[in-house]
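Since the structure comes first, as structure tokens, the remarks are kept for the end.
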Amino acid sequence: MTAAYPALRLRRTRVAPWSRRLVAETVLSPSDLIWPLFIAEGQGVEEPIATLPGVSRWSVDGIAARAREARDLGIPCLALFPNTPEALRSPDGREALNPDNLICRAIRAIKDAAPEIGVLTDVALDPYTEHGHDGLVDEAGYVLNDETMALLVEQALVQAEAGADIIAPSDMMDGRVAAIRAALEAGGHRNVQIMAYAAKYASAFYGPFRDAVGSRGRLKGDKRGYQMDHANAEEALREVALDLAEGADTVIVKPGLPYLDIIRRVKERSEVPVFAYQVSGEYAMIEAAAAAGMGDRDALALETLTAMKRAGCSGMLTYFAPLAARLLGA
Ligand code: PBG
């Protein structure tokens, strides 16, 4: 009598590396990565960010060098965030509209250094306001929607004029995608894309980013009056539907790993390319765990990014972009 054996052995395809490669359902590639960079004033400046180990703010010349690095690593796109000098921050964040601000100078430097690299710019006022909110604030502390939108439209135009390829509104004001699209068309920027931060949650994972752009200490209150409640998923689907109806080309779910269900549900509803932002706090947690000997940085980076892709993402914004591209053997 023969011994009983399992009718099916799912382990068979897992035994050899060649076979695991053949049956892999999700393959992470440098082409999936968008690399967020922080810009500092000055020349030859590199300022490490204490709460974001391994990430620095670079002056514009250093940003140009990162663009060449991205090109050599096969990373298709950079996302830019400024650390606006103190003296240029104001209640209405008007430095956002200056065609010679840090962002615009960095865009031009990237286009000079590596014209084949895409440039994504964030539309929101928080790196430019004294109070650290994404929009104009009234006496009661309310972030004004329509008044803010007028500034965001101008900010988007200034970025497009400087050469931005993707405008990414991260402010969560209602109606801004339609207004920005109309202004881009009228301004002759027909092929400038809009990647809408459609489902952006009021999250405790943004702390290190706020250090990087210098808004942490100044933020009065929180952003729950405009960013989404982390208890909600259906509302995210409404946000995505609205941004698509207003003309968004692609959408972002943010943060990434705690919101894989949102990525999946958006993908089930729509064919739109979805991107996840693996935000500063997600990155910092992995770095802290690795530094404390509680985890393997490289493995954690690749596993979390692959999980986002498996959930349905076309790509991810991640501070691990250069590391991941190297590990993937670019
Ligand atoms: C600005 C903005 C934030 C992030 C991206 N754009 C912070 C915020 O909304 O407070 C966070 C990114 C990160 O944490 O890495 N509106």
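The numbers here are math on the coordinates, done by the rules we state, and not lab data. Just so we're clear, the structure is a prediction, and the values are computed from it rather than from any experiment. Glycine also receives a Cβ, built like all others from the backbone with ideal geometry; neighbour counts cover every protein chain displayed.
Listed cross-link partners K200/K220; K111/K309; K220/K254; K111/K220 are compared with a 26 Å cut-off, the Cα-Cα value being larger for K111/K309; K111/K220.
Scoring 6-13, 189-196 by mean Cβ neighbours within 10 Å over their residues and listing the highest first yields 189-196, 6-13. Proximity of backbone amide H atoms, modeled 1.01 Å from N, is registered between V123 and A168, S170 at under 5 Å, excluding neighbours fewer than 5 places apart on the same chain.
Which whole number in µm²/s is D for the chain by Stokes-Einstein, with the Kirkwood Rh taken over Cα pairs at 20 °C and 1.002 mPa s? It comes out at roughly 104 µm²/s. Distance between the pseudo-spin-label points of L88 and A3 (7 Å out from Cα toward the beta carbon): 7.2 nm.
With both residues required to sit in the range 26-327, DSSP beta bridges show an antiparallel share near 10%. Between the Cα long axis of helix 280-291 and the first principal axis of the chain there is an angle of about 50°, rounded to the nearest 10.
Loop-located trypsin sites (Lys or Arg not before Pro) in the range 198-235 (DSSP state not H, G, I, E or B) with no more than 15 neighbouring Cβ atoms inside 10 Å: R216, R218, K220, R224.
Amide H to amide H distances under 5 Å link G93 with E130, where only residues 5 or more positions off or on other chains count and H is placed in the peptide plane. Roughly how tilted is helix 176-186, in degrees to the nearest 10 and between 0 and 90, from the longest Cα axis of the chain? So the helix axis and the longest Cα principal axis differ by about 70 degrees.
When the Kirkwood radius is taken over all Cα pairs of the range 138-249, what Stokes-Einstein diffusion coefficient follows at 20 °C and 1.002 mPa s, in µm²/s? In µm²/s, the coefficient is 142. Here the gap between E139 and R218, fully extended at 0.36 nm per residue and compared with their Cα-Cα distance, gives a gain of 26.8 nm. Computed FRET efficiency, Cβ-Cβ of R326 and V23, R0 22 Å: what is it to the nearest 0.05? Working from the Cβ atoms, E equals 0.30. Exposed loop sites here are GluC sites (Glu not before Pro) assigned a DSSP state other than H, G, I, E or B and surrounded by at most 13 other beta carbons within 10 Å; excluding them, the longest clear run of the chain is 140-270. Return a whole-number percent for the relative contact order of the chain, with Cα pairs under 8 Å and 6 or more residues apart as the contact set. Across the chain, relative contact order equals 18 percent.
Taking the Cα atoms only, what angle lies between the long axis of helix 297-311 and the longest principal axis of the chain, rounded to 10 degrees? The helix 297-311 is inclined about 90 degrees to the chain. Legend: calculated FRET efficiency, A16 to A204, from the Cβ-Cβ distance at R0 = 45 Å, rounded to 0.05, equals 0.60. Here the range 26-327 is assigned +1 on the Cβ of each Lys and Arg and -1 on the Cβ of each Asp and Glu. Its dipole about the Cα centre then comes out at about 620 debye.
So if R0 is 35 Å, what FRET efficiency would E41 and D174 give, r being the distance between their Cβ atoms, rounded to the nearest 0.05?
0.55
Whole-Hz Karplus values for the range 256-266 come out as x, 4, x, 10, 4, 5, 5, 4, 4, 5, 4 Hz, taken residue by residue from phi with 6.51 cos²θ - 1.76 cosθ + 1.60 and θ = phi - 60°; glycine and proline positions read x.
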